1. Residues of region 138-177 being over 30 Å from Glu34 (Cβ atoms) and aliphatic (A, V, I, L, M), which ones?
2. State whether the residues of region 124-136 include one that is modelled with pLDDT under 80 and either of a type in the set (Lys, Arg) or in a strand (DSSP E or B) (or both).
3. Name the pairs whose Cβ atoms lie under 9 Å apart, with the first residue in region 117-140 and closer than 19 Å to Ser86 by Cα, the second at pLDDT 85 or above and of a type in the set (Gly, Ala, Ser), and 6 or more positions between them or separate chains?
4. Name the residue that is nearest to Asp100 (Cα to Cα), counting only residues in region 154-181 that are surrounded by fewer than 14 Cβ atoms within 10 Å (Cβ to Cβ) and in contact (Cβ under 8 Å) with a residue 40 or more places away in the chain.
5. Looking only at region 137-168, which residues are more than 21 Å from the chain's Cα centre (by Cα), modelled with pLDDT of 80 or more and not in a loop (DSSP other than H, G, I, E, B)?
6. Among the residues of region 26-53 satisfying the criterion of being part of a loop (DSSP other than H, G, I, E, B), touching a Phe, Trp or Tyr at 6+ places or on another chain (Cβ under 9 Å) and not hydroxyl-bearing (Ser, Thr, Tyr), which is least open to solvent (accessible area, probe 1.4 Å)?
7. Within region 12-48, which residues are modelled with pLDDT under 85 and of a type in the set (Gly, Ala, Ser)?
Amino acid sequence: MATRFDSDSDIVNKTVAEARLNAEKHQFLFFAVEAEFDNDILRVNTTGADVIFDGNTYQGLGTLLSFSEFGDTAELKSAGQSIALSGLDPTILSHSLTNDYHNRPVTVYTGFLDGGGENAGAVMTSFKGRMMSMQITEDPQGTNTILVNCENRLVDLKRPSNLRYAKESQVTILATDTGFS
């Protein structure tokens, strides 16, 4: 005689299948970085596997990728971001040394993986700015660490504009514009 707790019963099999389905619906937080160099674009994420969103694949680095604290304030302030890549193989290290990074765009995304798969559910931009400096260190075990300091785009609001509302300034933007003549 079968009971409702029998492992062969349809009820138990249905419950196990529903539990697996619900487990797959869990969402996991991840961060991803898109750094645009002169020759190519580096895309990495904090999971252990590749993640795909917006038609791009972000290589999974796991704990090898870390960030400084994200910060927002009520004032309109420029806050920088530090991104660290550790435990890298020599090919990525040589790539970072040979490509120009200064003043190149970098974007940090925060996203959720649906059920731990490779396709991201919801992704939002957490930081957008420019790479300003890069520090490379090597510890005695031979592990390379690259620390990239980034500057927020809001810092441009503090920089003065050298343009004036005059014919001479307008000609530098568009030579055929005669609006200030």
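The values are calculated or read from the model by the stated rules, or taken from the named source; none is laboratory data. It should be emphasised that the depicted structure is a prediction, and the values quoted were computed from it without experimental measurement. All Cβ positions, even for glycine, are placed from backbone atoms using ideal geometry, and neighbour counts span all protein chains on display. For accessibility, only protein heavy atoms count, side chains too; no ligands or nucleic acids. Shrake-Rupley method; radii C 1.70, N 1.55, O 1.52, S 1.80 Å.
1. Listed by number, the residues that qualify are Leu163, Ala166, Val171, Leu174, Ala175.
2. Checked against the condition, which is being modelled with pLDDT under 80 and either of a type in the set (Lys, Arg) or in a strand (DSSP E or B) (or both), region 124-136 yields no hits at all.
3. Every condition considered, the pairs that remain are Met131/Ala35.
4. Filtering first and then ranking leaves Leu154.
5. The answer is Thr137, Lys167, Glu168.
6. So, considering only residues that are part of a loop (DSSP other than H, G, I, E, B), touching a Phe, Trp or Tyr at 6+ places or on another chain (Cβ under 9 Å) and not hydroxyl-bearing (Ser, Thr, Tyr), the one least open to solvent (accessible area, probe 1.4 Å) is Phe37.
7. Of everything in region 12-48, those that are modelled with pLDDT under 85 and of a type in the set (Gly, Ala, Ser) turn out to be Ala17, Ala19, Ala23, Gly48.
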